[in-house]
Amino acid sequence: MGFAMSFEPSSGSFDAARLVASLPDDPGVYRMLDGAGQVLYVGKAKCLKKRVASYFRQGTLSPRIQLMVRQIAGIEVTATRSEAEALILENNLIKRLAPRFNILFRDDKSYPFIELSAEPFARMAFHRGPFAKGARYFGPFPSVQAVRESIHLLQRVFLLRTCEPSVFQNRSRPCLLHQIHRCSAPCVGLVSAADYAAGVRLAELFLRGNHGELLDRITASMQAAAEALQFEKAADLRDQVRALQKVLHKQFAESAGDTNADIVVARTEQGVLCVNHAMVRGGRHLGDKAHFPQNAQGCTPADGLVAFLEQHYAENAAPLRVLVDPALPPDAVSVFATLTSGRLVCARAHSESERAWVGLAVKNAQIALTSRARAAKGTAMRIDLLQQELDLGEVPRRIECFDVSHTMGEGTVASCVVFVDGALRKGEYRRYNIEGVRPGDDYAAMQQVFVRRYEKVAAGEGVCPDLILVDGGLGQARRAREVLAELSLGHIPAVGVAKGPERKAGDEELLLPNRTEPLILGADNPALHLIQMIRDEAHRFALAGHRARRARRRGRSRLEDIPGIGPAKRKRLLAQFGGLQGVLAATSEDLARVEGISRKLAEAIYNLLH
């Protein structure tokens, strides 16, 4: 990457002039640090000296950046060989460090894809997450609905399978999808490998948006089959062409042909930034997705647009056209073109259809902003009311909620969910596997999770919440408060949320500190609705963790927990006695007769199993 330099104050004062004079004219990445060494901001530069110097000129910065500059206590820079390399490094650092003055978008891996597996008879499936080796992926799509619609279309036209490998490998007759003409039944040999592979190649053309070429190929194959007197095959291809033309008729009428484009627009309303991303593939409008980034207070639409394009196209291939609104500065366009080897063209709409796409994206962005503002207003009202009902000294901006889940003491898992400024912060959720307590002892489990969660907060390594909710009765809430008092965090209000005497849905009691009687809010109280929403999320998160842990444990052999029994010995024991039940029925003398099992180990196995 080049070289890295660090400039930090030695006496509490930051000498910006000395720093700028020492910087090179190379492209690179700079990191602004505060007095505690935390990264405030990560940026890239075509010329490090000029870009960093611009932060220390009077009257050229927005209020948001001025606030950041006042906190700068040090700067680190890394020179790179090119602007594109600087852009890639900047994106990686932003995702890893999450600086509080960078506009942060969610990881683009949250977008769904269509997967064609690497199996001989490729499976078509919905996919989200890391890519598997050898498989082909098409997307990203703006929504799950767009993926489902595309898969259903491909099923009707190309008859590709969608079943899991375990189902595919064990079928003895065609399934219902074959009977309704949605699959060619390769599982039972009703289609040859060559014909199925040809269908997969045509599906790939469709997914890439090459609809004209796709129709030409199918039509040519139909004519060739007719000339070879293969009339049944020609009829199947004719039906395929008709199905495709029926699907594509409307979109070709609305678009200029096989257009592949992304439409990215940014708008702000009452200080909230929304970036709306719409996708058109092969002239087919797939829908859009509204993004509300973090750390975007006070940012202009152009700032948000640039941040989205940098972060999104660093991870995803760009189409030939990207329509943006508002327009980008020339230097940003040149960086994106370099990053994508010239394929990415950021431009304003120039045709009627493109103007319609941009107009639709703008309208949807404004609708998303209005909906979010309405929801935020309602949530703010609930939080204010919650403060009043619980008689809190300040508005609870950060709420943490805990729950414990187990099945008769088995696989105990505790959850912590985080609610900040009116939104659930799923990236800050945590699960805790509870060990060393008596099975079913919820009080001890709650005590353990509070110690593990808040001993770091007490040491200054975590964020202190304004309110803690404990899903449970008086015992759980009391244990939680005892732990907080021992950690000198007794000032944090910990409220128990318990079922009322009738144990009906919505009939909750709030167990407050320094109050002998529970607080009962009306079933239509908005503050109670907020508590129930957060509590239900904690319950869901704990239950999912518990079920996963229980499944892992029940999937293990009891022999795996015995010291001295490795995979080879375990395999011999199970083979010798016909499974675990046979091992359980065997005596220590029987066990000792197995190769590799000594008398001492046989007695240990018998004692541990019984």
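The values are calculated or read from the model by the stated rules, or taken from the named source; none is laboratory data. Since we're looking at a predicted model, the values are computed, not measured. Note that each Cβ is placed from the backbone with ideal geometry, even for glycine, and that neighbours are counted across all protein chains shown.
Points to keep in mind about this one:
- Test: PHE131 is part of a loop (DSSP other than H, G, I, E, B), under 30 Å from CYS274 (Cβ atoms) and among the aromatic types (Phe, Trp, Tyr): yes
- Residue ranges of strands (runs of 3 or more DSSP E) in the stretch 373-464 with at least 1 members more than 26 Å from GLU486 (Cβ to Cβ): 398-407, 410-420
Here is a yes/no grid of residues against (1) in a strand (DSSP E or B); (2) out of contact with any Lys or Arg (no Cβ under 9 Å at 6 or more places or on another chain); (3) acidic (Asp, Glu); (4) more than 27 Å from PRO293 (Cβ to Cβ):
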position	(1), (2), (3), (4)
TYR30	yes, no, no, no
LYS49	no, yes, no, yes
SER54	no, yes, no, no
THR60	no, yes, no, no
ILE75	yes, no, no, no
THR78	yes, no, no, no
LEU89	no, no, no, no
LYS95	no, yes, no, no
ALA118	no, no, no, yes
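- Every test in (1) of a type in the set (Phe, Trp, Tyr); (2) at pLDDT 85 or above; (3) crowded, with 16+ Cβ neighbours inside 10 Å is passed by PHE138 save one, and that test is (2).
- Flag if ILE565 is part of a loop (DSSP other than H, G, I, E, B) and either modelled with pLDDT under 85 or of a type in the set (Ser, Thr, Tyr) (or both): yes
- Members of the stretch 26-56 that are over 21 Å from SER82 (Cα atoms) and small (Gly, Ala, Ser): GLY35, ALA36, GLY37
- Checklist (1) over 17 Å from the mean Cα position of the chain (by Cα); (2) assigned by TED's automatic domain parsing to the domain that holds VAL52 applied to ALA125, failing item: (2)
- Verdict on ALA45 being assigned by TED's automatic domain parsing to the domain that holds LEU93, out of contact with any Asp or Glu (no Cβ under 7 Å at 6 or more places or on another chain), touching a residue at least 12 places away in the same chain (Cβ under 8 Å) and under 14 Å from ALA73 (Cβ atoms): no
- Where GLY74 falls short, out of the listed (1) buried (at least 16 other Cβ atoms within 10 Å of the Cβ); (2) more than 18 Å from LEU19 (Cβ to Cβ): (2)
- The stretch 282-308: number of residues that are of a type in the set (D, E, K, R) and more than 24 Å from the chain's Cα centre (by Cα): 1
- Boolean, ALA498 is in contact (Cβ under 8 Å) with a residue 12 or more places away in the chain, part of a loop (DSSP other than H, G, I, E, B) and in contact with a Gly (Cβ under 9 Å, 6 or more places away or on another chain): no
- Pairs where the first residue, in the stretch 365-381, is among the hydrophobic types (A, V, I, L, M, F, W, C) and the second is part of a helix (DSSP H, G or I), C-beta under 8 Å, 6+ apart: MET381/PRO526
- LEU177 vs. criteria buried (at least 16 other Cβ atoms within 10 Å of the Cβ), in contact with a helix residue (DSSP H, G or I) (Cβ under 8 Å, 6 or more places away or on another chain) and outside any loop (DSSP other than H, G, I, E, B): yes
- Cβ separations smaller than 9 Å between residues 6+ apart or across chains give no pair from the stretch 588-601 residues that are free of Cβ contacts under 8 Å to residues at least 60 places away in the same chain and surrounded by fewer than 11 Cβ atoms within 10 Å (Cβ to Cβ) to residues that are acidic (Asp, Glu) and not in a helix (DSSP H, G or I).
- Looking only at the stretch 16-39, and only at residues there that are surrounded by 13 or more Cβ atoms within 10 Å (Cβ to Cβ) and acidic (Asp, Glu), the one that is nearest to GLN71 (Cα to Cα): ASP34
- Conditions (1) without any contact (Cβ under 8 Å) to a residue 40 or more places away in the chain; (2) within 23 Å of HIS546 (Cβ to Cβ): number failed by ASP471: (1)
- Top-ranked residue of the stretch 256-282 - restricted to ones that are in contact with a Ser or Thr (Cβ under 8 Å, 6 or more places away or on another chain) and surrounded by fewer than 22 Cβ atoms within 10 Å (Cβ to Cβ), ranked as farthest from PHE138 (Cα to Cα): GLU269
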